Amino acid sequence: MGFLDKLGIGGSKDEREERGIRKLQKKTMEKFGPPENRQGAIEELGKMRSARAIEALLMRYTIRVDPGITDDDEKQHVLALVHEAGAAIAAEPVKAFILSRDEISWPLKALSDLLPQEEVVRFLVSVLRKTGSEYNRVPEKRVLLLHAAASHVSPDLVPVLLPFLDDMEDEVQIAAAQALAAQQDERAREPLLKRFLSAHEGSNARVREALAGLLAETGFDVKGYTPKVEAALPAAYKLDSKGHVVRKV
(Lines give C-alpha, C1' and ligand atoms only; values in the text may rest on other atoms or scores of the structure.)
Protein backbone atom coordinates (compact mmCIF):
# COMPACT_ATOMS: atom_id res chain seq x y z
CA MET A 1 0.00 0.00 0.00
CA GLY A 2 1.42 3.36 -1.01
CA PHE A 3 1.56 6.54 1.03
CA LEU A 4 -1.48 8.05 -0.74
CA ASP A 5 -3.47 4.86 -0.16
CA LYS A 6 -2.78 5.16 3.56
CA LEU A 7 -4.19 8.68 3.44
CA GLY A 8 -7.28 7.41 1.66
CA ILE A 9 -6.61 9.38 -1.53
CA GLY A 10 -4.62 6.89 -3.60
CA GLY A 11 -5.63 3.97 -5.80
CA SER A 12 -7.31 3.79 -9.19
CA LYS A 13 -10.03 6.15 -10.34
CA ASP A 14 -12.68 3.49 -9.60
CA GLU A 15 -11.28 2.92 -6.10
CA ARG A 16 -11.25 6.65 -5.35
CA GLU A 17 -14.81 6.98 -6.65
CA GLU A 18 -15.96 4.05 -4.51
CA ARG A 19 -14.44 5.60 -1.40
CA GLY A 20 -16.15 8.89 -2.20
CA ILE A 21 -19.51 7.20 -2.64
CA ARG A 22 -19.17 5.31 0.64
CA LYS A 23 -18.38 8.56 2.47
CA LEU A 24 -21.36 10.30 0.92
CA GLN A 25 -23.64 7.36 1.69
CA LYS A 26 -22.54 7.48 5.32
CA LYS A 27 -23.42 11.19 5.45
CA THR A 28 -26.88 10.60 3.94
CA MET A 29 -27.61 8.17 6.77
CA GLU A 30 -26.52 10.35 9.70
CA LYS A 31 -29.68 10.86 11.72
CA PHE A 32 -28.21 13.57 13.91
CA GLY A 33 -26.31 16.74 13.19
CA PRO A 34 -27.12 19.49 10.67
CA PRO A 35 -29.58 18.28 8.02
CA GLU A 36 -27.61 20.28 5.45
CA ASN A 37 -24.86 17.67 5.69
CA ARG A 38 -27.26 14.91 4.67
CA GLN A 39 -28.89 17.01 2.01
CA GLY A 40 -25.57 18.04 0.48
CA ALA A 41 -24.45 14.41 0.29
CA ILE A 42 -27.76 13.44 -1.33
CA GLU A 43 -27.26 16.13 -3.94
CA GLU A 44 -23.69 15.06 -4.68
CA LEU A 45 -24.68 11.43 -5.14
CA GLY A 46 -27.47 12.49 -7.47
CA LYS A 47 -25.04 14.41 -9.67
CA MET A 48 -22.82 11.37 -10.19
CA ARG A 49 -25.35 9.66 -12.47
CA SER A 50 -23.98 6.16 -11.87
CA ALA A 51 -25.59 2.89 -10.80
CA ARG A 52 -23.31 2.70 -7.77
CA ALA A 53 -24.29 6.22 -6.69
CA ILE A 54 -27.97 5.28 -7.03
CA GLU A 55 -27.37 2.24 -4.80
CA ALA A 56 -25.91 4.55 -2.16
CA LEU A 57 -28.69 7.10 -2.61
CA LEU A 58 -31.39 4.48 -2.07
CA MET A 59 -29.97 3.67 1.36
CA ARG A 60 -31.44 6.97 2.55
CA TYR A 61 -34.78 5.13 2.54
CA THR A 62 -33.58 2.80 5.30
CA ILE A 63 -33.61 5.47 8.02
CA ARG A 64 -36.09 7.99 9.37
CA VAL A 65 -35.12 11.36 10.79
CA ASP A 66 -36.94 13.99 12.79
CA PRO A 67 -38.87 16.11 12.07
CA GLY A 68 -41.01 14.02 9.77
CA ILE A 69 -41.43 16.83 7.24
CA THR A 70 -37.66 16.95 6.71
CA ASP A 71 -37.55 13.19 6.32
CA ASP A 72 -40.30 13.27 3.70
CA ASP A 73 -38.68 16.17 1.83
CA GLU A 74 -35.34 14.39 1.64
CA LYS A 75 -36.92 11.13 0.50
CA GLN A 76 -38.92 12.99 -2.13
CA HIS A 77 -35.70 14.61 -3.36
CA VAL A 78 -34.02 11.20 -3.58
CA LEU A 79 -36.98 10.04 -5.67
CA ALA A 80 -36.55 13.00 -8.01
CA LEU A 81 -32.81 12.36 -8.39
CA VAL A 82 -33.40 8.68 -9.17
CA HIS A 83 -35.95 9.69 -11.79
CA GLU A 84 -33.50 12.19 -13.31
CA ALA A 85 -30.84 9.48 -13.57
CA GLY A 86 -33.15 7.55 -15.90
CA ALA A 87 -33.99 3.89 -16.36
CA ALA A 88 -30.71 2.96 -18.02
CA ILE A 89 -28.79 3.88 -14.86
CA ALA A 90 -31.31 3.56 -12.04
CA ALA A 91 -33.71 0.70 -12.86
CA GLU A 92 -31.44 -2.20 -11.91
CA PRO A 93 -30.26 -0.67 -8.58
CA VAL A 94 -33.90 0.06 -7.67
CA LYS A 95 -34.93 -3.51 -8.51
CA ALA A 96 -32.04 -4.91 -6.47
CA PHE A 97 -33.02 -2.73 -3.49
CA ILE A 98 -36.65 -3.91 -3.64
CA LEU A 99 -35.53 -7.53 -3.77
CA SER A 100 -33.11 -7.27 -0.85
CA ARG A 101 -34.60 -4.68 1.53
CA ASP A 102 -37.82 -4.20 3.47
CA GLU A 103 -38.08 -0.39 3.17
CA ILE A 104 -39.57 -0.44 -0.32
CA SER A 105 -42.39 2.10 -0.35
CA TRP A 106 -40.40 4.88 -2.05
CA PRO A 107 -38.38 2.54 -4.31
CA LEU A 108 -41.64 1.09 -5.64
CA LYS A 109 -42.69 4.62 -6.57
CA ALA A 110 -39.32 5.13 -8.22
CA LEU A 111 -39.71 1.99 -10.32
CA SER A 112 -43.15 3.10 -11.54
CA ASP A 113 -41.61 6.43 -12.58
CA LEU A 114 -38.74 4.76 -14.41
CA LEU A 115 -40.32 1.90 -16.34
CA PRO A 116 -43.35 1.28 -18.56
CA GLN A 117 -46.26 -0.45 -16.84
CA GLU A 118 -45.63 -3.79 -18.61
CA GLU A 119 -42.08 -3.93 -17.23
CA VAL A 120 -43.22 -2.96 -13.73
CA VAL A 121 -45.87 -5.71 -13.79
CA ARG A 122 -43.32 -8.25 -15.01
CA PHE A 123 -41.01 -7.33 -12.13
CA LEU A 124 -43.84 -7.41 -9.56
CA VAL A 125 -44.88 -10.87 -10.76
CA SER A 126 -41.31 -12.08 -10.28
CA VAL A 127 -40.92 -10.50 -6.83
CA LEU A 128 -44.32 -11.69 -5.59
CA ARG A 129 -43.57 -15.21 -6.73
CA LYS A 130 -40.23 -15.12 -4.89
CA THR A 131 -41.73 -13.49 -1.79
CA GLY A 132 -44.60 -15.96 -1.66
CA SER A 133 -42.23 -18.92 -1.64
CA GLU A 134 -39.99 -17.78 1.21
CA TYR A 135 -40.49 -16.90 4.85
CA ASN A 136 -40.35 -13.23 5.74
CA ARG A 137 -41.17 -12.09 9.26
CA VAL A 138 -41.93 -8.56 8.02
CA PRO A 139 -45.53 -8.43 6.73
CA GLU A 140 -45.14 -4.78 5.71
CA LYS A 141 -43.03 -5.70 2.69
CA ARG A 142 -45.65 -8.15 1.45
CA VAL A 143 -48.37 -5.56 1.98
CA LEU A 144 -46.43 -2.90 0.05
CA LEU A 145 -45.83 -5.27 -2.86
CA LEU A 146 -49.52 -6.23 -2.92
CA HIS A 147 -50.59 -2.58 -2.83
CA ALA A 148 -48.26 -1.93 -5.76
CA ALA A 149 -49.84 -4.84 -7.63
CA ALA A 150 -53.32 -3.42 -6.94
CA SER A 151 -52.45 -0.35 -8.99
CA HIS A 152 -51.99 -2.48 -12.13
CA VAL A 153 -54.31 -4.77 -14.07
CA SER A 154 -52.79 -7.81 -15.72
CA PRO A 155 -53.86 -11.44 -16.14
CA ASP A 156 -50.32 -12.41 -15.13
CA LEU A 157 -50.86 -11.04 -11.61
CA VAL A 158 -53.77 -13.28 -10.58
CA PRO A 159 -51.83 -16.57 -10.11
CA VAL A 160 -49.10 -14.94 -8.01
CA LEU A 161 -51.59 -13.04 -5.85
CA LEU A 162 -53.74 -16.04 -4.89
CA PRO A 163 -51.29 -17.66 -2.40
CA PHE A 164 -51.24 -14.49 -0.30
CA LEU A 165 -54.89 -15.02 0.61
CA ASP A 166 -53.63 -17.79 2.91
CA ASP A 167 -50.99 -15.66 4.62
CA MET A 168 -50.97 -15.81 8.43
CA GLU A 169 -51.26 -12.01 8.72
CA ASP A 170 -54.67 -10.36 8.37
CA GLU A 171 -53.24 -7.27 6.68
CA VAL A 172 -51.55 -9.41 4.03
CA GLN A 173 -54.75 -11.36 3.34
CA ILE A 174 -56.66 -8.10 2.97
CA ALA A 175 -54.02 -6.53 0.71
CA ALA A 176 -54.02 -9.66 -1.46
CA ALA A 177 -57.82 -9.57 -1.68
CA GLN A 178 -57.69 -5.88 -2.67
CA ALA A 179 -55.16 -6.60 -5.40
CA LEU A 180 -57.21 -9.51 -6.70
CA ALA A 181 -60.41 -7.47 -6.66
CA ALA A 182 -58.67 -4.76 -8.69
CA GLN A 183 -57.98 -7.30 -11.45
CA GLN A 184 -61.72 -7.85 -12.09
CA ASP A 185 -60.77 -11.36 -13.17
CA GLU A 186 -63.22 -14.24 -12.86
CA ARG A 187 -60.41 -16.48 -11.59
CA ALA A 188 -60.41 -14.44 -8.37
CA ARG A 189 -64.13 -14.93 -7.64
CA GLU A 190 -64.11 -18.33 -5.95
CA PRO A 191 -60.87 -17.79 -3.96
CA LEU A 192 -62.27 -14.52 -2.59
CA LEU A 193 -65.53 -16.23 -1.62
CA LYS A 194 -63.64 -19.05 0.08
CA ARG A 195 -61.42 -16.62 2.00
CA PHE A 196 -64.54 -14.68 3.09
CA LEU A 197 -66.22 -17.85 4.37
CA SER A 198 -63.03 -19.03 6.05
CA ALA A 199 -62.76 -15.70 7.88
CA HIS A 200 -66.35 -16.09 9.05
CA GLU A 201 -65.75 -19.64 10.25
CA GLY A 202 -62.61 -18.52 12.05
CA SER A 203 -64.39 -15.57 13.68
CA ASN A 204 -62.01 -13.15 11.98
CA ALA A 205 -64.25 -10.08 11.84
CA ARG A 206 -61.60 -7.83 10.33
CA VAL A 207 -60.95 -9.98 7.27
CA ARG A 208 -64.64 -10.90 6.90
CA GLU A 209 -65.67 -7.22 6.86
CA ALA A 210 -62.94 -6.31 4.36
CA LEU A 211 -63.80 -9.20 2.04
CA ALA A 212 -67.53 -8.41 2.16
CA GLY A 213 -66.75 -4.88 0.99
CA LEU A 214 -64.52 -6.14 -1.81
CA LEU A 215 -67.13 -8.67 -2.98
CA ALA A 216 -69.63 -5.82 -3.16
CA GLU A 217 -67.19 -3.68 -5.17
CA THR A 218 -66.28 -6.40 -7.67
CA GLY A 219 -69.85 -7.39 -8.44
CA PHE A 220 -68.93 -11.08 -8.41
CA ASP A 221 -71.95 -13.33 -7.91
CA VAL A 222 -71.94 -15.91 -5.13
CA LYS A 223 -73.23 -18.80 -7.22
CA GLY A 224 -72.54 -22.12 -5.50
CA TYR A 225 -72.10 -20.44 -2.11
CA THR A 226 -75.37 -18.52 -1.71
CA PRO A 227 -76.70 -19.91 1.62
CA LYS A 228 -73.28 -19.83 3.31
CA VAL A 229 -72.45 -16.32 2.10
CA GLU A 230 -75.86 -14.98 3.08
CA ALA A 231 -75.45 -16.37 6.60
CA ALA A 232 -71.93 -14.99 6.93
CA LEU A 233 -72.47 -11.44 5.69
CA PRO A 234 -71.89 -8.60 8.18
CA ALA A 235 -74.96 -6.58 9.17
CA ALA A 236 -74.20 -3.82 6.66
CA TYR A 237 -74.45 -6.16 3.63
CA LYS A 238 -77.03 -8.34 1.91
CA LEU A 239 -77.49 -10.38 -1.27
CA ASP A 240 -79.54 -8.86 -4.06
CA SER A 241 -81.92 -10.81 -6.31
CA LYS A 242 -79.08 -11.65 -8.72
CA GLY A 243 -76.84 -13.13 -6.03
CA HIS A 244 -74.47 -10.20 -5.69
CA VAL A 245 -73.21 -8.81 -2.40
CA VAL A 246 -74.45 -5.25 -1.94
CA ARG A 247 -74.33 -2.70 0.83
CA LYS A 248 -77.59 -2.01 2.60
CA VAL A 249 -78.94 1.48 2.02
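I need the Debye-formula profile for the range 1-101: one equal scatterer per C-alpha, no solvent, reported as log10 I(q)/I(0) at q = 0.15, 0.16, 0.18, 0.25 1/Å, two decimals.
With one equal scatterer per Cα and no solvent, log10 I(q)/I(0) is -0.62, -0.70, -0.84, -1.30.
Is the C-alpha gyration tensor of the range 32-89 telling us rounded, prolate or oblate? Criteria: a/c under 1.5 is rounded; beyond that, a/b larger than b/c is prolate, otherwise oblate.
It comes out prolate by the Cα gyration axes.
Grab every C-alpha pair in the chain, bin the distances at 10 angstrom width from 0 up to the longest one, and report whole percents.
Result returned by the calculation: 7, 26, 24, 19, 13, 7, 3, 1, 0.
Within the chain, what's the longest stretch lacking GluC sites (Glu not before Pro) that sit in DSSP loops with no more than 16 other Cβ atoms inside 10 Å?
31-133
Note down the Stokes-Einstein diffusion coefficient of the range 91-224 in µm²/s, whole number, using a Kirkwood radius over alpha carbon pairs, 20 °C, and 1.002 mPa s. Walk me through the numbers before you get to the answer.
Details: Rh = 15.1 Å.
For these conditions, the coefficient is 142 µm²/s.
Assuming R0 = 22 Å, can you tell me the calculated FRET efficiency for the pair Q117 and H147, based on Cβ-Cβ distance, to the nearest 0.05?
Details: r = 16 Å, r/R0 = 0.71.
Computed FRET efficiency for Q117 and H147 comes out at 0.90.
List the residue ranges in the chain for DSSP H helices whose C-alpha atoms run 30 angstrom or more along the long axis and whose Kyte-Doolittle average is 1.0 or above.
Within the chain not a single helix satisfies the rule.
Which sequence of D185, D113 reflects their accessible areas, 1.4 Å probe, from the largest down? All intermediate terms of the calculation are to be shown ahead of the outcome.
Numbers: D185 30, D113 80 Å².
Greatest to least solvent exposure: D113, D185.
Put R38, R189 in order of accessible area, largest first, 1.4 Å probe: what do you get?
R189, R38
Based on alpha-carbon centroids, what's the gap between the range 102-163 and the range 67-82 in Å, whole number please?
Answer, in whole Å: 22.
Run the accessible area of the range 1-103 with a 1.4 Å probe and give the carbon-and-sulfur part as a rounded percent.
The C+S portion of the solvent-accessible surface of the range 1-103 is 54 percent.
Along the Cα→Cβ direction, 7 angstrom out, place labels at S12 and R101. What is the inter-label distance in nm?
Distance between label points: 2.7 nm.
Relative contact order for the chain: what percent, with Cα pairs under 8 Å and sequence separation of 6 or more?
This gives 10 percent for the chain.
Roughly speaking, what is the stretch gain from Q184 to E230, that is 0.36 nm per residue apart minus the C-alpha to C-alpha distance, in nm to one decimal?
That works out to 14.4 nm of additional length.
Taking a 23 Å limit on the Cα-Cα distance, which of the listed pairs K109/K130; K13/K95; K47/K95; K26/K141; K228/K248; K194/K238 fall beyond it?
Violating the 23 Å Cα-Cα cut-off are K13/K95; K26/K141.
For the range 176-233, what class follows from the C-alpha gyration tensor (a ≥ b ≥ c being the square roots of its eigenvalues): rounded when a/c is under 1.5, otherwise prolate if a/b is larger than b/c, else oblate?
Since a/c reaches 1.5 but b/c is at least a/b, the shape of the range 176-233 is classed as oblate.
Leaving ligands, DNA and RNA out of it, work out the accessible area of R187 with a 1.4 Å probe and give it in Å² to the nearest 10.
Per-residue accessible area (R187): approximately 110 Å².
First check a/c for the range 135-204, with a ≥ b ≥ c the square roots of the eigenvalues of its C-alpha gyration tensor; if it is under 1.5, answer rounded, and if not, answer prolate when a/b is larger than b/c or oblate otherwise.
Taking the square roots of the gyration eigenvalues as a ≥ b ≥ c, the range 135-204 is oblate.
Give me Rg/Rg_expected for the range 128-171, where Rg uses Cα atoms only and Rg_expected = 2.2 N^0.38 Å with N residues. Display every interim value, and only then the final one.
Numbers: Rg = 10.0 Å, N = 44, 2.2 N^0.38 = 9.3 Å.
Cα Rg divided by the expected 2.2 N^0.38 Å: 1.08.
The values are calculated or read from the model by the stated rules, or taken from the named source; none is laboratory data. Note that the structure is a prediction, hence the values are computed from the model and not measured. Please note: Cβ atoms are built from the backbone with ideal geometry, for glycine as well, and neighbour counts cover all protein chains shown. These accessible areas exclude ligands, DNA and RNA; they are computed on the full protein's heavy atoms, side chains included. Shrake-Rupley method; radii C 1.70, N 1.55, O 1.52, S 1.80 Å.
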